[in-house]
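Take a look at the structure set out below.
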Amino acid sequence: MGNKMWGGRFADGPDAIMEAINVSIDFDQRLAMQDLAGSRAHAQMLSDCGIISSADVAEILKGLDQVEQEIVNGTFPFRRDLEDIHMNIEARLTEIVGPAAGRLHTARSRNDQVATDFKLHVRERLVAFDEGLKQLQIALVNQADANADTVMPGFTHLQTAQPVTFGHHCLAYVEMLARDRSRFMDAHARAGQSPLGSAALAGTSFPINREQTAKALGFDDPTRNSLDAVADRDFVLETLSAASICSIHLSRLAEEIVIWTSAQFNFVRLPDKFSTGSSIMPQKRNPDAAELVRAKPGRIIGALTSLLVMLKGLPMTYSKDMQEDKEPAFDGMDALDLAIAAMTGMMADLTVNKPAMRDSAGKGFSTATDLADWLVRALDMPFRDAHHVTGRLVAAAEAKGCDLDGLTLDEMREAEPKITSEVFDVLGLDNSVKSRTSFGGTSPDNVRAQVAFWREQLS
């Protein structure tokens with residue numbers, strides 16, 4: 001029995017193993033809407049250029065509308081023997097409109113067709129990521145606004161360093177996500193050229209109008225080199241690279257939520273809808289949503305690595321290896337999409353335990369730097385000397401079992417005789433955070449100013 005897809009070139013049908021390794025319809029059917037859009041634009045262009053008749057294009061467009069309706073309704077007969085979404089749609093179109101369908105593939109190849117479909121899909125995902133991250137930024141800004149004065153310990157090495165505000169902490173992630181959004185939009189701009197019309201690899205002898213199809217599909221321009229157009233998967237690599245960086249930011253915030261929700265910290269409480277219980281320990285409230293967000297970078301970075309390895313040794317132009325780009329890309333993008341949505345829900349509904357945060361901020365000598373700064377300002381002491389004096393005072397407080405403001409003035413003067421009672425003005429938590437007024441600092445006034453800035457940016 002002859003191969004139905006390839007016609008006269010092959011006498012035998014595909015072996016079952018060959019069919020299993022070659023088929024892609026199981027996953028590339030996700031490109032159906034992009035394939036239909038590309039076919040509509042291509043068909044109309046062929047008609048406008050006088051390459052096919054207006055009667056044929058009318059039949060083709062009508063048939064494509066029916067195919068779309070069948071896909072939307074779930075009645076489209078996806079067939080594995082037709083290998084991919086492109087041949088499935090073409091075969092069904094032929095059943096609907098007859099010979100006119102055979103004219104649709106004039107001046108194009110599956111090589112430029114799949115590159116166009118995939119690029120359209122990725123561009124749509126990039127816009128969706130940008131909007132999803134914007135909503136997460138809004139949730140974080142709302143938390144920052146509500147917690148501009150909420151004092152918490154700031155950490156380095158996960159050790160208490162200096163007091164900060166929870167609002168300031170939330171705004172740190174707003175900044176990270178802004179860079180992520182910028183990377184996604186940069187990737188979107190660089191994916192702005194349409195491969196359609198590059199055909200198999202060398203272009204076509206038909207007098208087509210590639211500018212027309214590019215504009216019809218929302219691209220800026222057509223690609224300038226047909227070889228590069230069908231070989232290029234940079235748009236996927238760049239998207240997954242930006243997605244990997246973004247997923248790391250989400251994972252860092254997720255890790256902090258896991259820490260903050262523990263009984264040892266008790267800084268925040270997740271709503272029930274983002275927590276789970278234990279099958280054996282009835283007291284447990286596990287931050288499973290945060291833990292799963294923390295795990296997603298493995299899949300996303302894995303997708304990027306998979307594509308990098310697949311592409312690294314390929315010569316120009318298209319090779320069948322490139323069929324392996326879609327499954328990991330779809331999986332990686334799906335993982336990021338879910339992580340963004342989950343993190344947005346968690347941050348929007350997070351309950352902050354302000355007393356616990358404040359109590360923790362008062363431990364671990366978090367105002368030691370404020371003391372050193374005071375010694376520099378009030379006593380004109382070189383900072384390195386002030387650092388040593390403060391270190392001795394920390395050791396004294398540690399030995400006494402108190403914080404720095406628990407030392408008496410006489411005890412402080414044992415380390416530095418010139419210290420006055422004014423030193424106690426800088427040792428309080430509120431005084432500490434209020435003093436951090438440098439641009440980008442943690443003072444509540446700064447936080448409120450940044451909240452206003454980001455509300456304007458995100459409006």
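The values are calculated or read from the model by the stated rules, or taken from the named source; none is laboratory data. Fair warning: this is a prediction, and the values are worked out from it, not measured in the lab. Glycine also receives a Cβ, built like all others from the backbone with ideal geometry; neighbour counts cover every protein chain displayed. When the accessible area is computed, the model is the full protein with side chains, heavy atoms only, and any ligands, DNA or RNA have been set aside. Shrake-Rupley method; radii C 1.70, N 1.55, O 1.52, S 1.80 Å.
Below are the figures for this structure:
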{"quantity": "Of all residues in segment 392-421 being among the acidic types (Asp, Glu) and under 49 Å from the mean Cα position of the chain (by Cα), the one that is surrounded by the fewest Cβ atoms within 10 Å (Cβ to Cβ)", "calculated": "398"}
{"quantity": "Total residues in segment 370-385, condition open to solvent by less than 70 Å² (accessible area, probe 1.4 Å) and closer than 20 Å to residue 429 by Cα", "calculated": "8"}
{"quantity": "Extreme residue, modelled with the lowest pLDDT, among residues of segment 1-57 that are open to solvent by 70 Å² or more (accessible area, probe 1.4 Å) and charged (D, E, K, R)", "calculated": "4"}
{"quantity": "Residues within segment 132-168 that are open to solvent by less than 40 Å² (accessible area, probe 1.4 Å), under 21 Å from the mean Cα position of the chain (by Cα) and within 17 Å of residue 451 (Cβ to Cβ), tallied", "calculated": "6"}
{"quantity": "Residue check, residue 148 part of a helix (DSSP H, G or I), hydrophobic (A, V, I, L, M, F, W, C) and modelled with pLDDT of 95 or more", "calculated": "no"}
{"quantity": "Residues being loosely packed, with under 13 Cβ neighbours inside 10 Å and β-branched (Val, Ile, Thr) - total across segment 422-451", "calculated": "1"}
{"quantity": "Selected residue (only one of 308, 350 is in the same structural domain as residue 163 (by the TED database) and surrounded by fewer than 16 Cβ atoms within 10 Å (Cβ to Cβ))", "calculated": "308"}
{"quantity": "Close pairs from segment 210-232: first among the hydroxyl-bearing types (Ser, Thr, Tyr), partner surrounded by fewer than 14 Cβ atoms within 10 Å (Cβ to Cβ), Cβ under 8 Å, at least 6 apart", "calculated": "226/202"}
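Rundown of residues vs (1) over 29 Å from residue 416 (Cβ atoms); (2) among the hydroxyl-bearing types (Ser, Thr, Tyr); (3) part of a loop (DSSP other than H, G, I, E, B), yes/no style:
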| residue | (1), (2), (3) |
| --- | --- |
| 314 | yes, no, yes |
| 330 | yes, no, no |
| 334 | yes, no, no |
| 343 | yes, no, no |
| 357 | yes, no, no |
| 360 | no, yes, no |
| 375 | no, no, no |
